[in-house]
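Bear in mind these aren't lab numbers, they're just calculated from the coordinates by the rules spelled out. This structure is a prediction, so every number in the text was calculated from the model and none was measured. Counting neighbours? That spans all protein chains shown, and the Cβs are built from the backbone with ideal geometry, glycine included.
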Amino acid sequence: MENALKTVPIAADHGGYEMKEFIRKKLLAAGYEVIDFGTNSTESVDYPDKIHPLAQSISKGKYPLGIIMCGSGNGAQITANKHKHVRAALCWNIELARLAREHNNANILSMPGRFISFELAWEMVQVFISTDFEGGRHQQRVAKIETR
Ligand code: RB5
């Protein structure tokens, strides 16, 4: 990253809770500050209640990048992408996480808590937060995404 990332906001519903806890501990052990938007147990919650506050913080520029999870990753991603300036990418392998940064300048990584291993998720997070946007031909494409 051009500016070293120090703080990483994370959020999940009950379907992503255990993965979030795994990622949270890995981030802390790696020296990052973690802003945890919940959820804080496996009790059933509605994913928009947890994802909207994180997405809003990215939308307002409070944090550059964020990590979200739900069971499939879809509900979390769809919710986050309702926010202006948010580009949330649903990814399930390392190359997709890299391309989401390099080509799409994604600022939120969404992962399926019930469909990939936690170790793979951690590898994806490390790639996502350490990969820069390529710019160039991708800049004009990303600039055309926003409609409001
Ligand atoms: C919760 O059961 C599940 O629907 C949720 O985590 C997510 O997969 C929704 O997209």
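Each Lys and Arg contributes +1 and each Asp and Glu -1, all at the Cβ; summed about the Cα centre of the chain, the dipole is approximately 520 debye. 3J(HN,Hα) couplings calculated from phi for the stretch 131-137 with the Karplus curve 6.51 cos²θ - 1.76 cosθ + 1.60 (θ = phi - 60°) are, in sequence order, 9, 8, 5, 6, x, x, 5 Hz; Gly and Pro show x.
What number, rounded to the nearest 500 deg cm²/dmol, is the helix-based mean residue ellipticity at 222 nm of the chain, given -39500 (n - 2.57) per DSSP H run of at least four residues and division by all its residues? Each step should come with its number before you reach the end.
Numbers: 6 runs with 62 residues, N = 148.
When only DSSP H runs of four or more count, the value is -12500 deg cm²/dmol.
I need to check one value: relative contact order of the chain, counting alpha carbon pairs closer than 8 Å and at least 6 residues apart, in percent. Don't skip to the end; give the middle numbers.
Values: 294 pairs, mean separation 36.2, N = 148.
Worked out over the chain, it gives 24 percent.
In this structure the amide hydrogen of Ser110, modeled in the peptide plane, comes within under 5 Å of the amide hydrogens of Ile68, Ala89, Leu90, Cys91, none closer than 5 places in sequence on its chain.
What is the projected area of the convex hull of the Cα atoms of the stretch 76-148, averaged over all directions, in nm²? Write out the running numbers ahead of the final one.
Numbers: hull surface 18.9 nm².
In nm², the orientation-averaged hull projection of the stretch 76-148 is 4.7.
Label positions at Lys25 and Leu120, each projected 7 Å from the Cα along the C-beta direction, are separated by 2.1 nm.
Taking a straight Cα-Cα cut-off under 22 Å and skipping sequence neighbours fewer than 8 places away in the same chain, the lysines within cross-link reach of Lys84 are Lys50, Lys60, Lys62, Lys144. Sorting the Cα pairs of the stretch 23-99 by distance into bins of 5 Å, from 0 upward, gives 3, 15, 24, 25, 23, 10, 1 percent per bin.
Kindly identify the stretch 1-57 as rounded, prolate or oblate by the Cα gyration tensor criterion: order the square roots of the eigenvalues as a ≥ b ≥ c, call it rounded if a/c is under 1.5, otherwise compare a/b with b/c, prolate if a/b is larger, else oblate. The shape class here is oblate. How far is the Cα center of the stretch 1-71 from the Cα center of the stretch 86-148, in Å? Rounded to whole Å, the Cα centres lie 15 Å apart.
Considering Cα pairs under 8 angstrom that are at least six residues apart, work out the relative contact order of the stretch 88-148 and quote it in whole percent.
On the way: 67 pairs, mean separation 24.6, N = 61.
It comes to 40 percent, rounded to a whole number.
Computed from the alpha carbon atoms alone, the convex hull of the chain holds 92 Å³ per residue.
Here the simple spin-label model places points 7 Å from the Cα toward Cβ, and for Ile94 and Asn40 these points are separated by 3.5 nm.
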